[in-house]
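One structure is given below, encoded as structure tokens.
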Amino acid sequence: MTVRKFWIATGLAVSSALAFVMLLVVGVYVVAGNLVNGVGGGAAKTLAKGTVPAAYQALVQKWGNLCPAINPALLAAQLYQESGFNPRAQSHAAAQGIAQFIPGTWATHGIDGDGDGDRDVWDPEDAIPSAAQYDCTLASYVKDVPGNLTENMLASYNAGAYAVIKYRGVPPYEETRNYVKRITALEKSFAAPVGRVDPSRQAAGAIAYAQKKLGTPYLWGGNGTAEQGGRFDCSGLTKAAYESVGITLPRVANDQYNAGPHPKREELLPGDLVFFSDDPTNSRAIRHVGIYVGGGYMIDAPRPGAVIRFDPIDTPDYFGATRVTEDGAKALPTTA
């Protein structure tokens with residue numbers, strides 16, 4: 001093949017790919033306008049793939065079914081919110097361990113979850129069961145209060161059961177209402193979907209932003225600022241793309257995974273974030289992210305020395321995907 005023929009063929013291929021992407025972008029708007037129902041409810045929740053580190057998954061799945069007020073995804077959301085699954089976490093308020101118990105609460109509600117004869121707040125095999133037990137205890141305190149039992153339990157966790165009983169439901173405290181909303185939104189990102197997952201209405205805009213950056217050189221830690229020459233790394237690109245349509249994502253890829261529910265590979269839509277990892281069991285080990293554009297391809301900032309480009313997603317290290325939602329992104333803790 002001559003050089004001229006090569007460039008003609010390449011140009012035609014790129015033009016076709018861009019045209020296909022634009023059709024898919026339009027399709028996102030059409031589908032988003034047509035779908036009005038969210039994830040189906042009423043079924044028992046199980047954990048989505050890899051959302052909880054493998055070392056804790058069985059514990060969360062088991063103890064998350066301790067009482068009707070909780071479920072494994074809700075318990076996972078609490079642990080992620082409290083510590084980012086870090087068993088050595090310690091806050092400025094002296095909250096300790098993966099479940100962030102303060103000493104006084106641990107003294108009263110900590111249990112010996114693994115049956116080894118001690119109650120260790122730093123041991124997830126004690127702390128995770130204790131968190132579930134504490135949730136269920138709070139739920140028992142407010143079981144006769146009108147409204148949603150799980151929301152009343154979460155409000156009790158934040159503001160105390162007395163406040164929930166006094167106000168006959170979630171009390172009118174901004175912090176408490178935000179806490180309840182945050183955990184219930186995060187719950188969706190830890191639960192395996194049991195039905196259709198709606199597309200994001202901002203997806204097309206995020207793709208359009210990423211398309212404009214095609215050919216831009218990669219920069220480790222790049223956020224696209226003028227000082228950085230408008231360059232990005234992988235999660236910097238996805239963060240900027242969704243920020244352009246009013247959704248703020250965390251800076252790193254493994255936290256971006258929790259910004260919404262997780263469609264299966266065959267359910268991907270343009271605008272979904274797609275993730276890659278060498279550990280298929282642990283979202284905290286994710287090392288790369290791109291924006292899906294359809295046809296098995298994504299736009300991503302792949303590595304030093306490369307440029308933002310189209311890449312295939314069907315590789316051995318493909319981990320999974322997230323359909324970004326506004327509530328899911330707002331719920332993410334800034335310190336996890």
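The values are calculated or read from the model by the stated rules, or taken from the named source; none is laboratory data. This structure is a prediction, so every number in the text was calculated from the model and none was measured. Every residue, glycine among them, receives a Cβ derived from its backbone with ideal geometry; neighbour counts consider all protein chains shown. The accessibility values were calculated without ligands, DNA or RNA, using every heavy atom of the protein model including side chains. Shrake-Rupley method; radii C 1.70, N 1.55, O 1.52, S 1.80 Å.
Could you go through segment 155-162 and let me know if any residue there is open to solvent by less than 10 Å² (accessible area, probe 1.4 Å), of a type outside the set (Phe, Trp, Tyr) and within 20 Å of residue 66 (Cβ to Cβ). Yes: segment 155-162 contains one or more residues that are open to solvent by less than 10 Å² (accessible area, probe 1.4 Å), of a type outside the set (Phe, Trp, Tyr) and within 20 Å of residue 66 (Cβ to Cβ). Within segment 240-285, being among the basic types (Lys, Arg) and part of a loop (DSSP other than H, G, I, E, B) holds for 251, 264. Screening residue 314 with (1) crowded, with 17+ Cβ neighbours inside 10 Å; (2) out of contact with any Ser or Thr (no Cβ under 7 Å at 6 or more places or on another chain); (3) at pLDDT 95 or above gives one miss only, at (1).
If the condition is being out of contact with any Pro (no Cβ under 8 Å at 6 or more places or on another chain), under 13 Å from residue 224 (Cβ atoms) and not polar (S, T, N, Q), then segment 238-257 contributes 240, 241, 242, 243, 251. None of 185, 159 is in contact with a Phe, Trp or Tyr (Cβ under 8 Å, 6 or more places away or on another chain) and modelled with pLDDT under 95 except 159.
Looking across segment 317-336, the residues that are open to solvent by 20 Å² or more (accessible area, probe 1.4 Å) and either touching a helix residue (DSSP H, G or I) at 6+ places or on another chain (Cβ under 8 Å) or on the phi > 0 side of the Ramachandran plot (or both) come down to 318, 325, 327, 330, 336. Please indicate, with yes or no, whether at least one residue in segment 212-222 is part of a helix (DSSP H, G or I), at negative phi and open to solvent by less than 20 Å² (accessible area, probe 1.4 Å). Looking for residues that are part of a helix (DSSP H, G or I), at negative phi and open to solvent by less than 20 Å² (accessible area, probe 1.4 Å), one finds none in segment 212-222, hence no.
If you filter segment 99-139 down to residues that are more than 22 Å from residue 65 (Cβ to Cβ) and in contact with a helix residue (DSSP H, G or I) (Cβ under 7 Å, 6 or more places away or on another chain), you find that the one that is surrounded by the fewest Cβ atoms within 10 Å (Cβ to Cβ) is 120.
Looking across 259, 306, 253, one residue alone is under 17 Å from residue 234 (Cβ atoms), touching a Cys at 6+ places or on another chain (Cβ under 8 Å) and of a type in the set (A, V, I, L, M, F, W, C). It is 253.
Tallying residues that are touching a strand residue (DSSP E or B) at 6+ places or on another chain (Cβ under 7 Å), open to solvent by less than 60 Å² (accessible area, probe 1.4 Å) and either closer than 21 Å to residue 49 by Cβ or of a type in the set (Ser, Thr, Tyr) (or both) within segment 284-311 yields 9.
Determine whether residue 188 is surrounded by 19 or more Cβ atoms within 10 Å (Cβ to Cβ) and touching an Asp or Glu at 6+ places or on another chain (Cβ under 9 Å). The answer is yes for residue 188.
Among residues of segment 137-156 that are not assigned by the TED database to the domain that holds residue 70 and assigned to a helix (DSSP H, G or I), none has a Cβ under 6 angstrom from a residue that is open to solvent by 10 Å² or more (accessible area, probe 1.4 Å) and not hydroxyl-bearing (Ser, Thr, Tyr) at a sequence gap of 6+ or on a separate chain.
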